Amino acid sequence: MMMEAVSSVLKDVAGVVQSSSVATSAPAAPQAARPSLGFDGVLEQVAADAIGSLKGGEAASVSYIQGKVSAQSVVEAVMSAEQTLQMAVAVRDKVVQAYQEVSRMAI
């Protein structure tokens, strides 16, 4: 259930980022020449890290049920996953808010 919520949040963020692409007057540099990631690349990397953290929390829970790990490690993993989910929701909210502000600007 938590994974579905995160996937939904991340899809919303990706949709906003893709729909708000701004064209620049300068020609685009080739992909090989760009050493740094763009905004969408950074969001994609953060999303992948968030999903990994959530999967880690779920894996720790399953391992606890199987008797492989202690309760303390499960609590730590689940708290980390919860913090990651809260961060993902906050980032999504800020991206949507920024997009709305930009769309209201007079040209």
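Summing Lys, Arg as +1 and Asp, Glu as -1, what charge do residues with Cβ under 14 Å from the Cβ of Val62 carry, Val62 excluded? Net charge around Val62: +1. Here's how it looks for Val69: its modeled amide H is under 5 Å from those of Tyr64, which are all 5 or more places away or on a different chain. Backbone geometry of segment 79-92 corresponds, through the Karplus equation with coefficients 6.51, -1.76 and 1.60 at θ = phi - 60°, to 3J(HN,Hα) couplings of 5, 5, 5, 5, 5, 5, 5, 4, 5, 5, 5, 5, 5, 4 Hz, x marking Gly and Pro.
Applying the Kirkwood pairwise sum to the alpha-carbon positions of segment 38-107 produces a hydrodynamic radius of 13.9 angstrom.
A short reminder: the numbers here are calculations on the coordinates, not readings from a lab. Since the model is a prediction, treat every value here as computed from it, not as a measurement. Ideal geometry is used to build each Cβ from the backbone, glycine not excepted, and the neighbour counts take in all protein chains shown.
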